[in-house]
Each structure stands twice: as C-alpha cells, then as structure tokens.
Amino acid sequence: MMTTRIANTPLLSLALDRSTMVPLQMQIYDQIRDAILSGRLAPGTGLPATRTLATELGLSRNTILGAFDRLLAEGYVEGKPGSGTHVSNILPDDLLSTRGRTASQSRSSAPAGKTSQLSKMLTKGHYRRRHSAAGARAFRPGLPDLDNFPFQLWGRINARFWQHPPRLLLHSGDLGGYLPLRQSIAAYLGAVRGLRCSADQIMITSGAQQALDLIARAIIDPGDDVWVENPGYAGMRATLIAAGATIRHVPVDQNGISVNAGRKLAPDAVLAAVTPSHQFPLGVTMSLARRLELLDWADDANAWILEDDYDSEFRYGGKPLSALQGLDDAGRVIYVGTFSKVLFPSLRLGYVVVPEKLLAPFMDLRASIDDHPALALQPVLHQFFEDGHFASHIRKQRKLYAQRQDQLIQALDKSAQGLFSATSHDAGMHLVAKIDPDCTLSDQDISRRASDIGLSVPALSTYFAGDFKGRRIKQGLILGYAGLTEKEINKEVKRLVEAIV
Ligand SMILES: Cc1ncc(COP(=O)(O)O)c(C=O)c1O
C-alpha cells in the first residue's frame, strides 16, 4: 500500500492499495469522504484539481473524476470537477443529524477527540469489502454470463408462486431454509457431485461467503491454527482471521494443497480450508491421492475440512472427480456451494452441507444470527430446479464458457505475443495467463494499467500471502472470460495489450 500526501491540501493523504479488488476510484471516494466526516477536511476547504491529483497518484484523470462525481452527487463537495471543488458547507442531512451537533449539544461524556471502542479486527483492516456493481468490469474473475439467463422463465415462476403464496410461508420459515429447495439441492449434489447427504443437512445461506463465516465461527477459537491454500481466496482468509484463526499458509502444487507441508507447518490445525475441484486461483484439481491424504490427516488431527466448491459446475475436460465430501466416511468435510456463479451473484443464495454431528450446533449458531434465510427467492429457485431449468441452464452455460475459454486463448495468441499467454484449463470461469519471460512488466504493473483503463485483471502474485518460504511467488494474470462475449473478448484483449505496450 502506498500513501501519498497531497500537496497544497496538508490534511489529505491517500493510501491506495492496488492489490485489493476494491477499485481505486472507490478507495479515493472512501478516503476523501472519511476525511470530510472526521473533520480533517473542514467545510469550505478546497480540494486539489483532479488533474493534479491524477498526476500525484499516478492515475488516469477519469479515475479521479469518477470519485469526485460521486462526492458531488452525494453532497459532500460542491463546485465543478475541473474548475474547483470544495468541501460542502452543508453536509448531507443524515450527517447533520448525527454529526453536526456541537460539543455542547452532545450528550456524550467522552473526552473530545477520543473515539469509542472498535474491535481490533475492524481497526486492523481484517474485514474487506467485496466488489460493488462498479467492479463488474471486463475480465473480473467469477463473473458469469448474464445475457443468457432465462429471466422470462424466472419471472414467470416468481409471479406464479407469489400471486398466491401459502399463508404459512408469510409468517416464518425453516431455520435451515425452504425444505423443498433443500431437497432439490440434496438430490442434485448426490447425482452430480457424488455427495452423501440428506436435505436436513443442507443449510441455505446468503452466498458461499456467509457459509464460510458460519463455519469459521462454529469451529474456531481465537488462536487456533487453520490451513489455507497459498495462493488462495482472500475472502476465505478474511473470514477465518475475523474468527480469530491463526492462518497457516500451505503451498499448493499441481495436485492441490500440500498435505506434507501442512503437517510440518501446523500438524494440529483444527480446520483445512480448500477448493479441491478447481483451486482458486491456480485452477488445479486436487488429485485423488491428495484427497485421501488430506482426509487421513484430518483423521489423525481430529480436524475439519472446509470444501469450498464455488464453481465446480463448469468442467470442460479431464477426469471429473466427485466432491471430497463423497469420499469422507468420518463426517469431517463441511461442504459449501453457491448459486452466485451458476445463476447470478446478487441472488445471494448458497448453502452448507453440514456433517450430521454438527447439525445441532450449526442450527443454534444460525438462530443467533437470524430466524431463517430470506424466503422470497427460495421457492422460485426450487421450482427452477423442479422444472429442469437449472440443469439445462448449466448445460448451456458450460458449452458457452468452453467456447469463451478457447476464444480467450486464441485472442491472447493473436494479440498478446511476447507479453503473456495461456493454455486451456479443464474447469472454471477464469484462466491464469503466464507472463512471457521477455516481458519487462510485473503482473502487478500490468494489473494497474488494466485497472486504469477500466479492466479488472488481478495479478496472480497478490493471491500469495505470508510465509511462502523459499518458494518463488508466481507471476501471472487472472482473466475471467465467462461474462464476456467472443467479440468482447477480442476487443478487451486488444485494449489490454495497447495499455501495456
Ligand atoms: C473461491 C471462492 N469462494 C467463495 C466465494 C464467495 O461466493 P459468494 O458470492 O457465493 O459469496 C467466491 C467468490 O468469488 C470465491 O471465488
């Protein structure tokens, strides 16, 4: 992270973190807004010209203009970007009501300047915001195709159900989620992913992320060792850290997480969090031998395994391996799935398959968070399953994504020679492109330039963390292709190349 003091505005310094998924424009907006709210930038203070700021921060002027436009639209600043902007004399109403009170009007007895307590986790920045809609940019990994989603069908099912909803459903719901949907999911997981589970074991959550959070809170006591994959998914790490885990970064090789390395690093870890079907972000599939090794370790250590099966529906080649959960005779695997990739991310529907012996404590934990998951969309999704639309949507998308992956490889071959290239992956929604040895830019340089022209191309090196001792941190680019048409792929690859040559 780099902090830049802004000349002529002594109280404004901006710390931009280019390694996160939070767009730079959003980071600038957030930090200026915070400076205004905390009083560091007083009403009437002039903000630097957008051009100056762009030069000082080494960003495009459009990035700054975007942040300023939002501050203007929300009333934090006044004036016109380009011809002088200053902090508003009257801040938005809601701020006035809570912050505009003078010290004498305040009922608080806290000494001036002292902030009430915030948890250390929060103040140390362990919690991270995920993408906003503004983050839906070309190549963003995990973004599905949305043009071919059968919205008309979805809308019809929704209308049919909610015109005459069963009265009972309007009062309350089942703690684990809508039972018919859980039955559909259990049947699907058994038939397609080789899981052994009943509908009772399925707990509907708000996306996979909430499932990860539930598991972390259920299993971890502060200070417990947890294995996470290195490189790995930042959202997983953040959730585990928030639950107090001591993160043990275990390297991933071509067969998945290295159980040997994990045993050396932290033999008594309480949990191993893994993505066996399609390792995030490298894309390798955990071999059968490694799966058995991992299960053996969990038995020896009396530990749990969190299997995050976030995009397993999209497999194009290679030997399909059923889920780790299906191999587990001891009931140690806690399986997580999501509809964010198969349907659309804002649906916020995912699920945990809870081992029988954990069912009661998980339900207790769930009850302390919320009565039950929001019910409006669950019956709709259930009908979508029952009418066969879910299976047929996956079939169509799988075919489409395979074509898009080919198209991306071809476009890189054609336009990005000498810079980076990719070979086909058996599964998933993104490719990891290798940087050519002749290319003088690092993956983070390329990612920054991509961001400046509105593309989201995360650098592989930023997914590595911690004590990756002695091993070379790999360079590469993560390129999501599922949400781009073939025409868009060609166009955006050309733009990316133009931005870096
Ligand atoms: C590996 C992995 N796990 C979990 C998630 C969270 O998915 P959801 O959107 O369902 O919360 C993501 C999202 O990108 C992911 O990449």
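Put a plus charge on the Cβ of each Lys and Arg, a minus charge on the Cβ of each Asp and Glu, and nothing anywhere else: the dipole of segment 165-389 about its Cα centre is then about 380 debye.
Report, in listed order, any pair from K319/K396; K319/K494; K120/K264 with a Cα-Cα distance greater than 23 Å.
On the way: K319/K396 20 Å; K319/K494 34 Å; K120/K264 30 Å.
Over 23 Å Cα-Cα: K319/K494; K120/K264.
Give me P(r) over segment 341-384, computed from all C-alpha to C-alpha distances, binned every 10 Å, as integer percentages. P(r) for segment 341-384, in whole percents per bin: 21, 46, 32, 1. Relative to the Cα centre, the charge distribution of the chain, modelled as +1 at Lys and Arg Cβ and -1 at Asp and Glu Cβ, gives a dipole magnitude of about 1060 debye. Taking all protein chains as shown and a probe of 1.4 angstrom, H382 keeps an accessible surface of around 30 Å².
If packing is taken as the mean number of other Cβ atoms within 10 Å per residue, what is the order of 338-348, 417-427, highest first? Intermediate results must be reported in sequence, preceding the final value.
On the way: 338-348: 19.2, 417-427: 17.0.
Output ranking for 338-348, 417-427: 338-348, 417-427.
Subtracting the Cα-Cα distance of D406 and L175 from their residue separation scaled by 0.36 nm leaves 78.8 nm.
Within the straight-line cut-off of under 16 Å between alpha carbons, the aspartates and glutamates reachable from K474 are E229, D253, D436, D438, D443, D445, sequence neighbours fewer than 8 places apart in one chain being disregarded. Per-residue SASA remark: T63, around 20 Å² accessible (1.4 Å probe; ligands, DNA and RNA not included).
Leaving ligands, DNA and RNA out of it, rank R290, R398 by accessible area with a 1.4 Å probe, largest first.
Working: R290 30, R398 80 Å².
Putting R290, R398 in descending order of accessible area: R398, R290.
Could you grab the Rg to Rh ratio for segment 392-500? Cα atoms only, Kirkwood for Rh.
Numbers: Rg = 14.4 Å, Rh = 14.5 Å.
My calculation of the ratio gives 0.99.
For E56 and E486 in one chain, what is 0.36 nm times their gap in residues minus the Cα-Cα distance, to one decimal in nm? Walk me through the intermediate numbers first.
Working: separation 430, 0.36 × 430 = 154.80 nm, distance 3.73 nm.
My answer for the length gained is 151.1 nm.
The modelled label-to-label distance for the pair L359/D299, using points 7 Å beyond Cα in the direction of Cβ, is 2.4 nm.
Can you give the calculated 222 nm mean residue ellipticity of the chain, where each DSSP H run of n ≥ 4 adds -39,500 (n - 2.57) and the sum is split over every residue, rounded to the nearest 500 deg cm²/dmol?
On the way: 17 runs with 194 residues, N = 501.
Value at 222 nm, helices only, nearest 500: -12000 deg cm²/dmol.
With coordinates expressed along the principal axes, the C-alpha atoms belonging to segment 206-269 extend over 32, 24, 13 Å, beginning with the largest.
Largest first and in whole Å, the equivalent-ellipsoid semi-axes of segment 332-425 read 38, 19, 12, each the square root of five times a Cα gyration tensor eigenvalue.
Of the solvent-accessible surface of the chain, computed with a 1.4 Å probe and all protein chains present, 51% belongs to carbon and sulfur.
Only Lys, Arg, Asp and Glu count, each charged at its Cβ (+1, +1, -1, -1), so figure out the dipole size of segment 392-500 about its Cα centre, rounded to 20 debye.
Numbers: 17 positive and 13 negative charges, 78 e Å.
Result for segment 392-500 is approximately 380 debye, rounded to the nearest 20.
Could you tally the net charge around L359, taking each other residue with its Cβ under 11 Å from the Cβ of L359, Lys/Arg +1 and Asp/Glu -1? Don't skip to the end; give the middle numbers.
Values: positive: K357, R366; negative: D200, E356, D364.
After counting each charged neighbour, the total is -1.
Which aspartates and glutamates, on any chain, are close to K491 with Cα under 16 Å apart, when same-chain ones fewer than 8 places away are left out? Once the sequence-local aspartates and glutamates are set aside, what remains near K491 is D406, D413.
Cα convex hull of segment 372-413: how many Å³ per residue? Each step should come with its number before you reach the end.
Working: hull volume 3.6 nm³, N = 42.
Spelled out: Cα convex hull of segment 372-413, divided by residues, is 85 Å³.
A dipole drawn for the chain from +1 and -1 charges on Cβ atoms has a positive end, and of G454, A416, L53 the residue lying farthest that way is L53.
Given R0 = 56 Å, the distance between the Cβ atoms of T246 and R167 translates into a calculated FRET efficiency of 0.70. For K341, the aspartates and glutamates whose Cα comes closer than 14 Å to its Cα, not counting residues fewer than 8 places off in the same chain, are D145, D147, D308, D309, D311, E313.
Computed over the chain, the alpha-carbon pair-distance distribution with 20 angstrom bins reads 21, 50, 28, 1, each value a whole percent.
Between S424 and R156, how high is the FRET efficiency from 1/(1 + (r/R0)^6) when r is the Cβ-Cβ distance and R₀ = 35 Å? Nearest 0.05. Show your work: numbers first, answer last.
Working: r = 37 Å, r/R0 = 1.07.
Plugging the Cβ-Cβ distance into 1/(1 + (r/R0)^6) gives 0.40.
Modelled label positions at I90 and Q444, each set 7 Å beyond Cα in the direction of Cβ, lie 4.6 nm from each other. How much of the calculated P(r) for segment 165-389 lies past 21 Å, in percent of all Cα pairs? Tail of P(r) above 21 Å: 53 percent of Cα pairs. Extension gain for the segment S116 to V192, taken as residue separation times 0.36 nm less the Cα-Cα distance, is 22.2 nm to one decimal. Computed from the C-beta positions of E498 and H372, the FRET efficiency with R₀ = 51 Å rounds to 0.50.
The values are calculated or read from the model by the stated rules, or taken from the named source; none is laboratory data. Predicted model, so just to flag it, every value in this text is computed and none were measured. Glycine gets a Cβ as well: all are built from the backbone with ideal geometry, and neighbour counts include every protein chain shown. Calculation scope for accessible area: heavy atoms of the full protein, side chains included, ligands and nucleic acids excluded. Shrake-Rupley method; radii C 1.70, N 1.55, O 1.52, S 1.80 Å.
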